[in-house]
Ligand SMILES: Cc1ncc(COP(=O)(O)O)c(C=O)c1O
């Protein structure tokens, strides 16, 4: 048995392993450098080997790694207050991953319904949604591939098309048991799908009118990725529940479920918990990420580099057959092609660029938020070359 066979084969891994990272670049064992437009799937917001991040977690490892949520955790209080300040939310629950932050949101919605005397509280979820692989998050996710063979999934979810306000209104009119809407501000895994500019505002209004919770999955869009601290700030709204993870820890596992308004104070002692969630070490990582985001103006950089990359790609690929749309918000960019394109990922890699494919036919670009113009130009050059070769053999 080879060492790799000791690992459950849950991923179709590429035959490539990295030994080191520097800024926006990863290095393999032969010393080859790759520009990393995957960033651990929208995780390494500060890039690799960020000095401030390294020294913060090194210091914390030498001081205190883990205590328990049975005691006060001062760094958790500090990070919770900071996330609330940046997002406009009121309270934080810390966990270890995106899926766990979604599980906390689902429990909040159910308890919200329970408190209102609703026996079968139901959450509205979207076509194309991805919320994670745990049973609640998996039920909320829309993918027969991910769900097949894992029945029974959970009760209490109703699915409607994404970016369709009329469908939300119809669902509300038909279902007195609806307690919440769970939605991604931009759908990441299904191919960087960006809703109409007023979609979230409409959802906010409908949730207010019908006493429902607006629950945003900002696991991928949060923490500066789209050019604001959180994507909902492009719409100037505050949700009732905001789930986040990924970039919050820059690679250290940490997630948070934030609550405000009618969702705040639902969880009382004993109603939810996590052994590891919000440890001193995890919170030191989150605080170091936010310090760098602030000190280095990385939200603004995500916004300006995102626009630069988007426009550059649109210009380079203008009129190219097979390109359906190039869209993005901040440094969350998708190049949609008219057919499955996983081969493109491998070709880009041979040219020194790491990308991944979302929704089967969308090149997803989610580089570190520290990206500069030179690196953006390199992404444009390689993506342009591989797309043109894919269609024209040039
Ligand atoms: C929008 C969204 N929600 C939830 C998750 C699940 O996060 P995790 O893999 O950390 O459990 C992901 C992961 O890709 C995601 O993109």
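Here the condition is being away from the ligand (no atom under 16 Å from the Cβ) and at pLDDT 95 or above; of 61, 125, it holds for 61 alone.
Counting only residues that are part of a loop (DSSP other than H, G, I, E, B), in contact (Cβ under 8 Å) with a residue 40 or more places away in the chain and either within 16 Å of the ligand (Cβ to nearest atom) or touching a strand residue (DSSP E or B) at 6+ places or on another chain (Cβ under 7 Å) (or both), the range 19-58 holds 7 of them.
Taking every residue in the range 1-18 that is part of a helix (DSSP H, G or I) and pairing it with any residue that is surrounded by 10 or more Cβ atoms within 10 Å (Cβ to Cβ), at least 6 positions away or on another chain, the pairs with Cβ-Cβ distances below 9 Å are 4/13.
Could you tell me how many of the residues in the range 301-329 are out of contact with any strand residue (DSSP E or B) (no Cβ under 7 Å at 6 or more places or on another chain) and closer than 17 Å to residue 374 by Cα?
Counting residues in the range 301-329 that are out of contact with any strand residue (DSSP E or B) (no Cβ under 7 Å at 6 or more places or on another chain) and closer than 17 Å to residue 374 by Cα gives 11.
The residues of the range 88-122 that are over 21 Å from residue 211 (Cβ atoms) and within 16 Å of the ligand (Cβ to nearest atom), listed by number, are 93, 94, 95, 96, 97, 98, 99, 100, 101, 102, 103. Within the option set 31, 80, being modelled with pLDDT under 95 and farther than 17 Å from residue 214 by Cβ holds for one residue only, 31. Would you mind stating whether residue 45 is within 23 Å of the chain's Cα centre (by Cα), assigned by TED's automatic domain parsing to the domain that holds residue 283 and at negative phi? Here the answer is no, as residue 45 does not meet what is asked. Checked against the criterion of being within 13 Å of the ligand (Cβ to nearest atom), modelled with pLDDT of 95 or more and part of a helix (DSSP H, G or I), the range 235-242 has no qualifying residue. For the range 207-234, the candidate set comprises residues that are within 16 Å of the ligand (Cβ to nearest atom) and in a strand (DSSP E or B); within that set, the residue that is surrounded by the fewest Cβ atoms within 10 Å (Cβ to Cβ) is 214.
Taking the range 249-293 as the range and being in contact with a helix residue (DSSP H, G or I) (Cβ under 9 Å, 6 or more places away or on another chain), away from the ligand (no atom under 16 Å from the Cβ) and in a helix (DSSP H, G or I) as the test, the residues that pass are 262, 263, 280, 281, 283, 284, 287, 288, 290, 291, 292, 293. Residues that are surrounded by 15 or more Cβ atoms within 10 Å (Cβ to Cβ), in a strand (DSSP E or B) and within 16 Å of the ligand (Cβ to nearest atom) do not occur anywhere in the range 134-143.
The values are calculated or read from the model by the stated rules, or taken from the named source; none is laboratory data. Please read these numbers as outputs of a predicted model, since none were measured by experiment. Methodologically, a virtual Cβ is constructed for each residue, glycine included, from the backbone with ideal geometry; neighbour enumeration extends over all protein chains shown.
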